[in-house]
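Step one of this worksheet: look at the structure below.
The values are calculated or read from the model by the stated rules, or taken from the named source; none is laboratory data. Owing to the predicted nature of the structure, the values given are computational and were not obtained by experimental measurement. Because the Cβ atoms are built from the backbone with ideal geometry, glycine has one as well, and the counts that use them run over all protein chains shown.
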Amino acid sequence: MFRAILILMAIVLIIPAVCAAVEPATTPTLVTLRPQAEVAPAQYVTLGEIADIEAPQDTIARISNITVGTGPLPGRSNTISADYVRVKLRAAGLNDASVQINGAVKVQIVGRCVTLTPEDLAEEAKSFLTGCMSLGDANYNIVVDRYPKKIVLPQGSDVTISPKLMSVSAQPGVNTVGLDILLNGSIAATTSAVLSVKAVLDVMVATTTISQGEPLTEANTTWEKHEITNQRDIITRNEYAQHKDWIARRSIPTGVMITTASVAIEPTIHRGDAVSIVVKCGNVTLQTTGEAKQDGKKGDMIRVLSAISQSNIDAKVIEAGLVEMSR
């Protein structure tokens with residue numbers, strides 16, 4: 001009987017120990033901090049945004065929502081240390097034995113943003129400036145002399161780039177393009193780019209010496225490609241097609257580029273020419289003769305000596321040999 005009692009007591013003492021040996025140990029919650037994380041600017045940062053958490057589902061939800069800081073401004077950065085995370089866990093009732101922290105010693109948090117790089121902004125300025133150049137048949141080479149500054153804006157915004165010229169017009173040479181950065185329709189930032197424009201264009205060149213007063217023709221001119229960056233008043237093919245009656249204002253040497261300053265338009269009527277004068281007075285039209293006292297192109301007003309009155313009158317040039325006067 002006594003032996004049976006001893007055996008029963010041994011069973012009672014051994015069974016709990018055996019059960020404790022076979023019962024699995026509690027697995028600690030594992031928090032692995034990431035080296036870097038993007039977060040919403042000026043908003044609370046939670047542990048779930050900067051770490052990977054391994055634990056039962058209800059524990060993950062609890063730990064993930066622990067606040068560990070505030071997000072920096074767009075594009076700015078800050079750090080959160082592992083020691084600070086431990087402090088926040090203890091404050092939430094989780095001790096070091098129940099939660100194991102691994103990974104980065106410090107987490108760099110960066111304010112989530114949209115970054116407009118100097119290179120991207122410079123391309124916008126170059127494209128805009130190319131469209132502003134008025135010499136449509138020229139070949140342009142645009143080089144950035146000074147890049148715009150980098151622009152950082154909150155992510156998720158409606159960002160628009162609005163370029164504008166900082167001068168009256170775009171010209172070969174140095175140009176400045178302003179860039180307004182619109183955020184949801186309002187200007188949020190401004191910057192600018194300085195660009196150098198080199199233009200190569202077909203220009204008119206004298207193939208022989210052209211004397212003063214001599215007309216410009218295919219026989220004494222040709223078209224050659226030249227860089228016109230520092231040139232002004234260039235005669236383009238379009239301009240020449242509209243004014244084929246140009247003459248040399250002064251002597252133009254062989255090989256010299258011809259500009260509008262070195263030419264004049266051949267007058268339709270020359271001083272001393274005999275002209276017909278049409279006089280309009282209401283519904284009555286009279287015609288007489290006279291002498292031009294000035295050179296004049298079509299549409300110009302010139303002085304004419306009337307053969308009848310022997311006095312000077314002002315008349316409009318209609319065509320060669322014909323002027324008109326209205327009363």
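Values for this structure:
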{"item": "Test: Ala125 is touching a strand residue (DSSP E or B) at 6+ places or on another chain (Cβ under 6 Å), surrounded by 14 or more Cβ atoms within 10 Å (Cβ to Cβ) and not polar (S, T, N, Q)", "result": "yes"}
{"item": "Filter result (in contact with a strand residue (DSSP E or B) (Cβ under 6 Å, 6 or more places away or on another chain) and of a type in the set (Ser, Thr, Tyr)) within region 235-258", "result": "Thr254"}
{"item": "Residue that is surrounded by the fewest Cβ atoms within 10 Å (Cβ to Cβ), among those in region 148-181 that are aliphatic (A, V, I, L, M), closer than 20 Å to Gly111 by Cα and free of Cβ contacts under 8 Å to residues at least 60 places away in the same chain", "result": "Val159"}
{"item": "Residue within region 174-181 that is farther than 18 Å from Cys113 by Cβ, in contact with a Gly (Cβ under 9 Å, 6 or more places away or on another chain) and at pLDDT 90 or above present", "result": "no"}
{"item": "Some residue of region 255-271 being more than 51 Å from the chain's Cα centre (by Cα) and either outside any strand (DSSP E or B) or under 18 Å from Thr222 (Cα atoms) (or both)", "result": "yes"}
{"item": "Residue ID - modelled with the lowest pLDDT, chosen from residues in region 133-158 that are under 28 Å from Trp223 (Cβ atoms) and in contact with a Pro (Cβ under 9 Å, 6 or more places away or on another chain)", "result": "Leu135"}
{"item": "Residue within region 209-218 that is in a strand (DSSP E or B), of a type outside the set (Phe, Trp, Tyr), more than 27 Å from Glu123 (Cα to Cα) and not assigned by TED's automatic domain parsing to the domain that holds Gly71 present", "result": "yes"}
{"item": "Pair list, Cβ < 6 Å and 6+ apart or interchain, from region 69-84 residues that are farther than 15 Å from Gln36 by Cα and in the same structural domain as Pro154 (by TED's automatic domain parsing) to residues that are surrounded by fewer than 14 Cβ atoms within 10 Å (Cβ to Cβ) and acidic (Asp, Glu)", "result": "none"}
{"item": "Failed condition for Ile60, given (1) in a helix (DSSP H, G or I); (2) at pLDDT below 90", "result": "(2)"}
{"item": "Those strands (runs of 3 or more DSSP E) lying entirely in region 73-131 with at least 2 residues over 25 Å from the mean Cα position of the chain (by Cα) and among the polar types (S, T, N, Q)", "result": "77-81, 99-103"}
{"item": "Qualifying residue in region 235-243 (condition: within 34 Å of the chain's Cα centre (by Cα) and farther than 30 Å from His270 by Cβ)", "result": "no"}
{"item": "Condition met for Gly290 (more than 48 Å from the chain's Cα centre (by Cα), without any contact (Cβ under 8 Å) to a residue 40 or more places away in the chain and surrounded by 16 or more Cβ atoms within 10 Å (Cβ to Cβ))", "result": "yes"}
